Amino acid sequence: MAAEGFLEVENLEAIITRIEQKSRKIESLLKQSKPVEALKTALEGSPLKTRDERCKSANWIVVHRAIMAIKDVDGMLASLDPEYYDILMKYLYRGLATGDRPTCDQCLRIHEKLTERAGLGCILRSLADTVNTV
Amino acid sequence: MAAVAVHQFAQSITCHAWSPDQTMVALCPNNNEVHIYKFIKDRWEKLHVLYKHDQIISGIDWSIRSNKIVTVSHDRNSYVWNQEASEWVPTLVILRLNRAALCVQWSPKENKFAVGSGAKTVCVCYYEQENNWWVSKLIRKKHNSSVTGVAWHPNNILLATTSTDGKCRVFSTFIKGVDPRDSGAGSSNELKFGEQIAQLDLSFTWAFGVKWSPSGNTLAYAGHNSMIYFIEDVESSPSAQTVAFRDLPLRDVLFVSERMLIGVGFDYNPMVFAADETGLWSFVKFLDEKKTTQSSSKYGSQFSEAFGKLYGQSKQGASNDTVEPSRPRGGAHENCITCIVPLRKGGETVVKRFSTSGLDGKLVIWELDNYIDLLQ
C-alpha cells in the first residue's frame, strides 16, 4: 500500500513536469500562429487514468489556453485528425461546466462543428466514459 | 435491400420471435401478453394470446425443432409453452430470481435455455423427464450488475453474456446427464457448470446485444458508448477489435455471415459492419436507404432541436430562425430498435432475411439479396 502511494506521488510529479513542458511548447506554437498544432500538443498525453484533480486541472488550463486561441473552427477541425475528436469533446464539456461566459461561447462554437463532423457517437463516448476522465 | 414489409402491431414491441416455418410471429405489445399473429391472405391475423405473466414480457424465443415457446418477464418467472391441439399450454419454470428476468434464448440443441436477469445472475434451465418440469441452475456471483444479453455458442455448451457492469463474459454450461461427454465441443467438455472461460473488459459502460458468429469463432457485443467490439478465438487466445461509430449506440446485433454483422439500436436505422480480407472490422453503411436523404439535415437526430436552441443562445443577439425543428426521419423505424431476429431457411449458413422490432411498435422485415451491393 505504502509502495503504491509512493509510486503515485512519483507519477504525479512526472505528470506535472510534463504538463509544464507542454505549456511552454504551446506558448511558442501560439506565437508562431499555429493554433491547431498547439491544440494537438495540449490534447496529447492528457492524464486520463489518474484520479488526481491537480493533474487534471493543470492539463485543463493548458488545453483551455489552446482552445481559446482557435479562431477558425472549420479550418481547425479540417486539419485535426479524427483520433483527437473524442478527447476534444471531453474537454469541451469540461469547458461548458466552468460556466465562464467566454469559455462557454467558444466551447459551444466548437461543439457545434465537432458534432457535425464526429457525430453523436462522439458525444456518447465522452459522456459515458467514467474511467478516462479529463 | 431494404425493408420489404413493415407492419404496425402495437404502440411498442418489447421482443418478438418467429415460428419454425416462419409463418407466425409471437410478440409482446409492451404488456403482460404474448400475441401470436399469422399472415393469412393479405393481412396479419391474431391467432392466440398467451396470457399467464403478471408483468411486462422481456424475452421470447421459439424453438425451431421442438416448436416450444419460452417467455420471461419482469414478474421474475418464465413459462415454456407447448402447443397441444390448438391451444398453447404453459409450464411454469421456477427461476428462483428476486429481480426481473430480462432476456432468454434456447440453446442450439434446444435441450436448455438461458435467462439473463436483473438479479446479477444467469439461469440455465433444462428439462427433467422423471419430474416433468424444467429445472433452473444459476450462475451466481459472477456479474456485478444486470445481465442484458445471453448468446449460445453453436457447441451448445458455451454461453456468452453482457451486463450493465460493462463486461462480456463466457461461461461453460455443461450439465451432467443433459450434455453428453463427447458432444464434440472439444476442451469445453471438461469444464464444470458455471466456470468462467473469459471476461472481456473492453467497455466502460453498459454492454448489450451479444452474439456469436455462425461458426462460433467471433463474438460481438455493443457498448452504450457507440462502440462495437469483435473478439476472435475467445476460448484459446482472444484478440479484440473495437469499432467506434459516429451515431447513436446499438442495442442488439446479428451476424448475417462470418464476415458481416447488422447492428440495431438508438439510431432507428440498422447499421452494416463488415470485415475485410485481413479480418479488420469497420462500419460500412446504413441499411435503410432513406437515411441518406435525411442525413443532409443539420444533425440528423431527435436531439437537433435541443442542440439548435443551445447553439442559438450562444450567438448573442442572433435570432433563432436558423434553428431547424426536429422532424420524422423517414426510415422504416421511427424509434429505438431493440430486437433483431434472423429469418433463416433450413440449411442456410448466411442470413438473407431478418426482422427488427422496437419502441415504435413496428415489425420490419428486411431482405439482403445482394451482398456485393452492401459492400459498395
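Helix-derived [θ] at 222 nm for chain A: sum -39500 (n - 2.57) over DSSP H runs of at least 4, divide by residue count, nearest 500?
That comes out to -26000 deg cm²/dmol.
If the cut-off is 16 Å between C-alpha atoms, which lysines fall inside it for residue A:31, apart from same-chain ones fewer than 8 positions away?
Hits, sequence-local ones excluded: A:22, A:40, A:71.
For the stretch B:77-124, what does the alpha-carbon gyration tensor say about shape, rounded, prolate or oblate, given a ≥ b ≥ c as the root eigenvalues, a/c under 1.5 as rounded, and a/b over b/c as prolate?
oblate
Under unit Cβ charges (Lys, Arg +1; Asp, Glu -1), what dipole magnitude, rounded to 20 debye, does the protein assembly as shown have relative to its Cα centre?
Roughly 700 debye for the protein assembly as shown.
If you place +1 on the Cβ of every Lys and Arg, -1 on the Cβ of every Asp and Glu, and leave all else neutral, what size is the dipole of the stretch A:2-128 about its Cα centre, to the nearest 20 Debye?
Here the size comes out at about 280 debye.
Compute from the Cα atoms of the stretch A:20-88 the Rg and the Dmax, the latter being the longest Cα-Cα distance, and quote both in angstrom.
11.8, 34
Would you list B:230, B:39, B:204 from fewest to most Cβ contacts within 10 Å?
Lowest count first: B:39, B:204, B:230.
Once the principal axes of the Cα atoms of the stretch A:2-128 are found, what is the range along each, listed largest first in whole angstroms?
48, 36, 28
Among A:67, A:127, A:91, flag the residue with its Cα farthest along the positive direction of the charge dipole of the stretch A:2-128, charges on Cβ as +1 for Lys/Arg and -1 for Asp/Glu.
A:67
Using a Cα-Cα cut-off of under 15 Å, which aspartates and glutamates could be cross-linked to residue B:352, ignoring same-chain neighbours fewer than 8 residues away?
B:258, B:367, B:369, B:373
Evaluate 2.2 N^0.38 Å with N set to the residue count of the protein assembly as shown, then give the Cα radius of gyration divided by it.
Compactness ratio reported: 1.09.
Suppose we keep just the alpha-carbon trace of the stretch B:122-266; what are its Rg and Dmax in angstrom?
Rg and Dmax of the stretch B:122-266, Cα atoms, are 15.6, 54 Å.
Peptide B:243-249: average number of partner chain Cβ atoms within 10 Å per residue? Kindly include the intermediate steps, with their values, before the conclusion.
Values: counts 0, 10, 6, 10, 5, 5, 5.
Mean partner-chain Cβ count within 10 Å for B:243-249: 6.
Quick one: which of B:109/B:192; A:113/B:285; B:120/B:345; B:176/B:345; B:109/B:176 span more than 26 angstrom between C-alpha atoms?
Over 26 Å Cα-Cα: B:120/B:345; B:176/B:345.
The numbers here are math on the coordinates, done by the rules we state, and not lab data. Keep in mind that what you see is a predicted model, and the values were worked out from it rather than measured. When we count neighbours, we look across all protein chains shown, and the Cβ atoms used for this are built from the backbone with ideal geometry, even at glycine.
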